[in-house]
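Values in this text are rule-based calculations from the coordinates and carry no lab data. Since we're looking at a predicted model, the values are computed, not measured. So basically every Cβ, Gly included, is an ideal-geometry build from the backbone, and we count neighbours across all protein chains shown.
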Amino acid sequence: MEKQARIYVAGHRGMVGSAIIRKLQAEGYTTIITRTSSELDLRDQAAVASFFEQERPEYVFLAAAKVGGIMANNTYRAEFLYDNLMIESNIIHQAYKTSVKKLLFLGSSCIYPKLAPQPLKEEYLLSGFLESTNEPYAIAKITGIKLCESYRSQYGCDFISAMPTNLYGPNDNYDLQGSHVLPALIRKFHEAKINNQPTVEVWGTGSPMREFLHADDLADACFFLMEHYNDELFVNIGTGEDVTIREVAELIKEIVGFEGELRWNTEKPDGTPRKLMDVSRLHNMGWKHTTELKEGLERTYQDFLANEVLYVE
Ligand SMILES: NC(=O)c1ccc[n+]([C@@H]2O[C@H](COP(=O)([O-])OP(=O)(O)OC[C@H]3O[C@@H](n4cnc5c(N)ncnc54)[C@H](OP(=O)(O)O)[C@@H]3O)[C@@H](O)[C@H]2O)c1
């Protein structure tokens, strides 16, 4: 990508989109195009078509999506399917129509079958049943991968897909009704500390294993793929290392400085037992993460403290 290239980052206010913007700015890109969802509703086909006609982006990072944790995914099943299908179909089709040079679509590790062997290799896609709590979201994301593959094979478009593991970092969602596990834990421990609560309730049994990647590392990997990868098969992005939810909860408790007890609510769902990405393809291309979990969580808690007013309305 030339430094003056017109680059559209869809979803630039989100955790992933904002990390991509930070990376592009740090690399010296000057023509970054953005729209908030109130300026451009990406579910609106006509609006997306006229935006692409007008702005003519040359490169697209597709990081706009309806995103959330287990509860949001399971409660708003129709919205997670409809919104995501519309957003990705509209952007990918208009990118084809206006001859975008390259597009990167972001999916998620939930696309893999619930009981797929671990670590998850790219070739396990569509080899078994999905986790039921996020099946609509996963189906939308699998469709996004298939759109990129199909526009590449039928029209020769250089559209690639990347599947990140669980992410954390600045601009995460701290709303307890819709958030992922790490921001939920940071907020719960922080508020418990401030309010001198004796216990914090944590969902599930604590035994599921998860992998976590800092959003800035993800943005770095997306930039790397945009520069160096142009093949049909999507690419896993992660650290290749996982921890139990219990371990990560204890780590956040320590970082936040909460001195009470954890109470595990086993009535709440655990979700998939293990979700570790096989990142050997990405490693073999020459990319590896640089932020370890403890350091990343310490930075994230500092960011939470600095922006608490914005994050917790
Ligand atoms: N968070 C994770 O742990 C994680 C893990 C793996 C993969 N991913 C993937 O990364 C991508 C981005 O996730 P994220 O965590 O950055 O999500 P996020 O923080 O919720 O941000 C999503 C962005 O999408 C935009 N958006 C949503 N609906 C829209 C609509 N109808 N029209 C226009 N814009 C819309 C929002 O724009 P406004 O702010 O303007 O409303 C928001 O900035 C997703 O594809 C997700 O699957 C995330």
message = What is the sum of charges, Lys and Arg at +1 and Asp and Glu at -1, for the other residues whose Cβ falls under 11 Å from the Cβ of V312?
response = -3
query = Which angle between 0 and 90 degrees, to the nearest 10, do you get for helix 135-155 versus the longest principal axis of the chain when only C-alpha atoms count?
reply = 20
Kirkwood estimate for segment 1-52, i.e. one over the average of 1/r between Cα atoms, Å = 11.7
key: Stokes-Einstein D (µm²/s) once Rh is taken as the Kirkwood radius of the chain over alpha-carbon pairs, at 10 °C in 1.306 mPa s   = 80
ask   = Which percent of Cα pairs goes in each bin when the distances of segment 39-189 are cut into 5 angstrom slices starting at zero?
value = 2, 9, 17, 19, 20, 16, 10, 5, 2, 0, 0
DSSP-loop GluC sites (Glu not before Pro) across segment 1-71, with at most 12 other Cβ within 10 angstrom = E2, E27, E39
query = Hey, if you drop one equal point scatterer on each alpha-carbon of segment 195-259 and run the Debye formula without solvent, what base-10 log of I(q)/I(0) do you get at q = 0.12, 0.15, 0.18, 0.30 Å⁻¹?
reply = -0.50, -0.67, -0.81, -1.29
remark   = Among beta bridges assigned by DSSP with both residues in the chain, the antiparallel ones amount in percent, to the nearest 5, to 5
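Taking the Cα centre as origin and putting +1 on Lys and Arg beta-carbons and -1 on Asp and Glu beta-carbons, what dipole magnitude results for segment 203-247, to the nearest 20 debye?
On the way: 2 positive and 10 negative charges, 63 e Å.
Magnitude of the dipole: close to 300 debye.
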inquiry  = Helix 181-194 against the longest principal axis of the chain: what's the angle in degrees, Cα atoms only, rounded to the nearest 10?
reply    = 40
request  = Determine how many Å³ per residue the convex hull of the Cα atoms of segment 1-116 encloses.
outcome  = 120
message = Give me Rg/Rg_expected for segment 138-243, where Rg uses Cα atoms only and Rg_expected = 2.2 N^0.38 Å with N residues.
response = 1.40
ask   = When the chain is modelled as a GNM with alpha-carbon springs shorter than 10 Å, which of F105, F61, F52 fluctuates the most?
value = F52
Relative intensity, log₁₀ I(q)/I(0), of segment 63-119 from a Debye sum that treats every alpha carbon as a point, q = 0.14, 0.26 Å⁻¹ = -0.52, -1.09
task = Choose one of I91, A10, F224: the residue whose Cα lies farthest towards the positive end of the charge dipole of the chain (beta-carbon charges +1 Lys, Arg; -1 Asp, Glu; about the Cα centre).
result = I91
ask   = Can you give the charge dipole size of segment 1-146 about its Cα centre, rounded to the nearest 20 debye, using +1 on the beta carbon of Lys and Arg and -1 on the beta carbon of Asp and Glu?
value = 260
ask   = Can you list the residues, at least 5 places off or on another chain, whose amide H is less than 5 Å from the amide H of H12, using H built in the peptide plane?
value = R35
request  = Could you state the angle between the C-alpha long axis of helix 293-311 and the longest principal axis of the C-alpha atoms of the chain, as a value from 0 to 90 degrees rounded to the nearest 10?
outcome  = 80
Prolate/oblate/rounded call for segment 76-151, Cα gyration tensor, a/c under 1.5 rounded = oblate
query = Please report, for the Cα atoms of segment 208-313, the Rg to one decimal and the Dmax as a whole number; what are they, in angstrom?
reply = 16.6, 50
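I need the peptides 159-167, 296-304, 266-274 ranked by packing, meaning the mean over residues of other C-beta atoms within 10 angstrom, with the highest value on top.
Details: 159-167: 23.9, 296-304: 17.9, 266-274: 15.1.
Result, highest mean Cβ count within 10 Å first: 159-167, 296-304, 266-274.
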request  = Compute the distribution of all C-alpha to C-alpha distances in segment 108-185, in bins of 10 Å from 0, and list the percent of pairs in each, rounded to whole numbers.
outcome  = 16, 39, 34, 10, 1
